[in-house]
Amino acid sequence: MKKYILLLAFLVSVINYSVGQAIGSWKTYPALQISTYNEPANNKIYSLCNGNLFSYNTEDTEVHVYDRLKELHDTQIKFIRHCETTDKLVVVYENGNVDLIYPDYESVNLKQLKDKNYANLYITDVNISGKNAYISTNFGIIELDTEHEIFTNTYDLSVYTLCCTANDDFIYVSTSNGFYKGDRTQNLLDKNNWTRINGYTFHQLTFFDNKLIGYNRTTGIYVIDQQKYNVTHAHSASSSFFSCKNNIMILGNNSKIHILRSISEKEEISQSNDFVHISYYKGRFWTSRNIQGLQPYQLKENTLAPSLSPIQPNSPVRDYFCNMHFKGNRLLVAGGDLNYNNITRAGTAMFYENGIWHNFSEENIVEETQKAYNNLTSIAQDPQDPDHHFVSSAGHGLYEFRNQKFVHNYDETNSALKTILPDAPDSENYTRCDALQFDSKGNLWMANTEVDNVLLVLKSDGTWTSLFYEELKGAPNCTEIFFDSKERLWMNSKRLDYNGIFALDYNGTIDDTSDDTHVKRKVIINQDGVRYDPYYYYCMAMDLNEQIWVGTSLGLFVIEDPDDYIYNDDFTYTQIKIARNDGTEYADYLLNGVSISAIAIDAANRKWIGTLSDGVYLVSEDGQEILQHFNTENSPLISNEIQSIAVSPQTGEIMIGTYLGLVSYTSDASTPAEELDKNNIHVYPNPVKPDYNGLITVDGLTFNAEVKITSVTGQLIYSGYANGGRFTWNGRNQNGKRVSSGVYNIISTNTEGKKAIVSRLTFIH
């Protein structure tokens, strides 16, 4: 058996210390709340959750989450099927990648189908017969031997294949062109040796009650004679889900469920439900209830009644992470995307705090508002009340929540918000609300885009103010707002002819615009006089020196002096130059031409830069050095298309939101302490045991504190400076040799050199 092995050389082992994850470690956060399919197998119920996977043990109630760092070798699972013959779970991804997972959670990856790079490969179904898995595709059938863990045959039928099943003699296939059989005594690699039996179309094929069964979701169940291949309509039903396992066949919809213990033994249950799939295992009906999760039911008096509470692991509700930022130690997430032409992302708002995900309730929002609830673009937390939140929507205005429950929806009918199509019959669907941000006085600022008065304020007293600035009129996609130390507002307009960075000094008077100073610059001129006209201004972030870093479709630019940007007509951006060091005086602009989609600043004032196609870069405080570059090839990053990045001030964890979900990386920087205090300094691991080869970490230091490692006799072993409030050491001396067993002094000194703290560290070999 092959065992899953992490490929990253730099990835150190994750050690469970109270102070956090190991430096350099990665973590995934798969969304596991929405169950769409489940598969029973030997005391486990596997639940497929919108491309993610967990299992529930029916004996000891253990919940096991499968993720990319352990058992899984890809993202976006499309099908799971259990092979009873070999006791392996077959996991098939959308791209054709396949994992076989053993009961002990080990796995083997079969990527040959993925690597073939079939043009427009589309997988339609997976069926198990004996030891083989049959993968139906848009061109034919792929046969997988789960015992020997190899692909054995590819049957190219040159027709769209819906499903198949097999026995020792034949392979049966339903296609868009009818029902086919393949005689195993023939060379089935030659599509001419397949026989079209009839024009019937089935969505599932299986053996049940010693009969070949065809299922059609519109018309019901058919028995197919295996001699003459006559087709008999055995049971009429219109259904949205089907399963056949453990000698029970189940099909149904949201109002009726059909249970068959044989072709002639049928039970119909008229029952309103939210089931999207049902399977049967040991007297229980396991239901996938979409956003209600996985839940077992029992049949009582012709009714399915719940026998346990829903099973939903602690996780995000969906893999949507368009907008993320920290409020204190709480990660706030709005999951929508600002793609106005294709607004399909279900309403997703959540926060993560102390290892727990809190998903905002979606109950009754559509019913109360009579509008779709989708594409949430930004989230803001009331600075006076951590249980009070506002969430913006790309089409339906502003939502208010208390204790993660819906309170109110603001739109053009009850607030200063305006719709971009006031005369349209569905005008309520075009109230575009983007960026949100509270100021220091508790006023909520927001962007009401594509209308005249883009900038609005919901003041702390509950009244509204609508602000007009000519350069903002009609601006779309205003994705970010923040305030600098002088309480000036900064906002981007992301795209089209309205793009650029808007700055506003309102002099502390929201309602009086006569004393306002404001400017929006669309064109970028750098320090060398080079002109750039970005189509997209994707993001911006202010660093610890109050320089503003701007990400565009043409690269990375810096506003070194915000005052200069606002008040100087001759303002120029700075484009960071990195010397080639090749004996010439030439230099290259940092990330020139790269589409920068996200920027976050860590405690050491370094920049974490997300891109649209090239992963994540970590650059030094001044931008002169690229310290790290993570992508899908060299790290557990699940996508090179980055939507958002946020840095935890508590742990130094870098939260990276991608189009495929959320991952994090534990960096070597943390928020510095205001002063050195022995009680706040943590050294871990301590002691350092023989099997540990990762980094030793010192947390709780002041900004850029100097740290010296010495022997008990005072000999200097190593020295360096903290990144923010965190110092790391690889356990080696200045010559690169691992230090010997013993006790070592860690001397931490503040920047002024006026205070020093001594900690002790023990090495055991």
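Take the conditions (1) farther than 20 Å from residue 619 by Cβ; (2) in contact with a Leu (Cβ under 9 Å, 6 or more places away or on another chain); residue 550 misses just one of them, which is (1). For region 388-421, residues that are in a loop (DSSP other than H, G, I, E, B), within 24 Å of the chain's Cα centre (by Cα) and at pLDDT 95 or above total 2. When residue 20 is tested against (1) surrounded by fewer than 20 Cβ atoms within 10 Å (Cβ to Cβ); (2) at pLDDT below 95; (3) touching a Gly at 6+ places or on another chain (Cβ under 9 Å), just one condition goes unmet, and that condition is (1). Might you check whether a residue that is surrounded by fewer than 18 Cβ atoms within 10 Å (Cβ to Cβ), touching a residue at least 24 places away in the same chain (Cβ under 8 Å) and farther than 20 Å from residue 477 by Cβ occurs anywhere in region 387-396? No, there is no match, as no residue in region 387-396 is surrounded by fewer than 18 Cβ atoms within 10 Å (Cβ to Cβ), touching a residue at least 24 places away in the same chain (Cβ under 8 Å) and farther than 20 Å from residue 477 by Cβ.
Of all the residues in region 55-67, those that are crowded, with 19+ Cβ neighbours inside 10 Å and either among the hydroxyl-bearing types (Ser, Thr, Tyr) or touching a Lys or Arg at 6+ places or on another chain (Cβ under 8 Å) (or both) number 3.
Here residue 68 passes the criteria (1) within 29 Å of residue 243 (Cα to Cα); (2) at pLDDT 95 or above except the one numbered (2).
Selection of region 136-184 for residues being of a type in the set (Phe, Trp, Tyr) and closer than 12 Å to residue 194 by Cα yields 155, 170, 172, 179, 180. Within the set 639, 620, 595, the sole residue that is touching a strand residue (DSSP E or B) at 6+ places or on another chain (Cβ under 8 Å), surrounded by 20 or more Cβ atoms within 10 Å (Cβ to Cβ) and of a type outside the set (D, E, K, R) turns out to be 595.
If you go through region 421-469 and keep only what is under 22 Å from residue 326 (Cβ atoms) and among the aromatic types (Phe, Trp, Tyr), you end up with 438, 445. The residues in region 126-173 that are part of a loop (DSSP other than H, G, I, E, B) and either of a type outside the set (Ser, Thr, Tyr) or closer than 20 Å to residue 107 by Cα (or both) can be counted, and the count is 13. Of all residues in region 482-507, those that are over 17 Å from residue 546 (Cβ atoms) have Cβ atoms under 7 Å from Cβ atoms of residues that are in a strand (DSSP E or B) and basic (Lys, Arg), 6 or more apart or on another chain, in 500/520; 500/521; 502/520.
Of all residues in region 242-297, those being basic (Lys, Arg) and part of a strand (DSSP E or B) number 4. Does residue 442 fit the bill of being in contact (Cβ under 8 Å) with a residue 60 or more places away in the chain, of a type outside the set (Lys, Arg) and either over 28 Å from residue 643 (Cα atoms) or not in a strand (DSSP E or B) (or both)? The answer is yes for residue 442.
Restricted to region 67-79, and to residues there that are of a type outside the set (A, V, I, L, M) and touching a Pro at 6+ places or on another chain (Cβ under 8 Å), the residue that is nearest to residue 316 (Cα to Cα) is 67.
Hey, can you tell me all the residues within region 161-187 that are more than 29 Å from residue 102 (Cα to Cα) and either surrounded by fewer than 16 Cβ atoms within 10 Å (Cβ to Cβ) or basic (Lys, Arg) (or both)?
Residues satisfying the conditions are 176, 177, 178, 181, 183, 184, 185, 186, 187.
Scanning region 227-238 for residues that are touching a strand residue (DSSP E or B) at 6+ places or on another chain (Cβ under 8 Å), within 20 Å of residue 124 (Cβ to Cβ) and at pLDDT 95 or above turns up nothing. One residue is enough: does region 405-413 have a residue meeting the conditions under 21 Å from residue 317 (Cα atoms), of a type outside the set (Ser, Thr, Tyr) and either touching a residue at least 40 places away in the same chain (Cβ under 8 Å) or surrounded by 14 or more Cβ atoms within 10 Å (Cβ to Cβ) (or both)? Yes, the conditions are met somewhere in region 405-413.
Filtered by the rule that a residue be β-branched (Val, Ile, Thr) and either part of a loop (DSSP other than H, G, I, E, B) or exposed (fewer than 15 other Cβ atoms within 10 Å of the Cβ) (or both), region 454-471 gives 454, 463.
Residues considered: 710, 728, 751. Of these, the only one that is among the polar types (S, T, N, Q), outside any strand (DSSP E or B) and under 22 Å from residue 676 (Cα atoms) is 751. In region 204-230, the residues that are within 18 Å of residue 162 (Cβ to Cβ) and of a type in the set (Lys, Arg) form Cβ pairs under 8 Å with partners that are at pLDDT 95 or above and in a loop (DSSP other than H, G, I, E, B), at six or more places apart or across chains, as follows: 217/203; 217/238; 217/239; 217/240.
Checked against (1) more than 34 Å from the chain's Cα centre (by Cα); (2) modelled with pLDDT of 95 or more; (3) surrounded by fewer than 22 Cβ atoms within 10 Å (Cβ to Cβ), residue 264 passes all but condition (2). Examine region 676-696 for a residue that is buried (at least 17 other Cβ atoms within 10 Å of the Cβ), closer than 23 Å to residue 627 by Cα and hydroxyl-bearing (Ser, Thr, Tyr), and state whether such a residue exists. No, because not a single residue in region 676-696 is buried (at least 17 other Cβ atoms within 10 Å of the Cβ), closer than 23 Å to residue 627 by Cα and hydroxyl-bearing (Ser, Thr, Tyr). Do we have any residue at all in region 472-482 that's in a helix (DSSP H, G or I), surrounded by fewer than 20 Cβ atoms within 10 Å (Cβ to Cβ), out of contact with any strand residue (DSSP E or B) (no Cβ under 6 Å at 6 or more places or on another chain) and at positive phi? No, region 472-482 contains no residue that is in a helix (DSSP H, G or I), surrounded by fewer than 20 Cβ atoms within 10 Å (Cβ to Cβ), out of contact with any strand residue (DSSP E or B) (no Cβ under 6 Å at 6 or more places or on another chain) and at positive phi.
Residues that are assigned to a loop (DSSP other than H, G, I, E, B), charged (D, E, K, R) and touching a Ser or Thr at 6+ places or on another chain (Cβ under 6 Å) were ranked within region 68-125; the one that is surrounded by the fewest Cβ atoms within 10 Å (Cβ to Cβ) is 68. For region 198-227, the tally of residues that are part of a strand (DSSP E or B) and in contact with a Lys or Arg (Cβ under 6 Å, 6 or more places away or on another chain) stands at 1.
If you go through region 521-558 and keep only what is small (Gly, Ala, Ser), at negative phi and assigned to a strand (DSSP E or B), you end up with 541, 551.
Look at (1) touching a Pro at 6+ places or on another chain (Cβ under 9 Å); (2) at pLDDT below 50 and you find that residue 45 fails only one, number (2). Looking at region 583-626, which of its residues are in contact with a Phe, Trp or Tyr (Cβ under 6 Å, 6 or more places away or on another chain) and in a loop (DSSP other than H, G, I, E, B)? The one that is in contact with a Phe, Trp or Tyr (Cβ under 6 Å, 6 or more places away or on another chain) and in a loop (DSSP other than H, G, I, E, B): 615. Which condition number in (1) hydrophobic (A, V, I, L, M, F, W, C); (2) crowded, with 19+ Cβ neighbours inside 10 Å; (3) over 30 Å from residue 329 (Cβ atoms) is the one that residue 571 fails? Only one criterion is unmet by residue 571, namely (2).
The values are calculated or read from the model by the stated rules, or taken from the named source; none is laboratory data. Everything numeric here is computed off the predicted structure, so don't read it as measured data. Cβ: placed from backbone, ideal geometry, glycine included. Neighbour counts: every protein chain shown.
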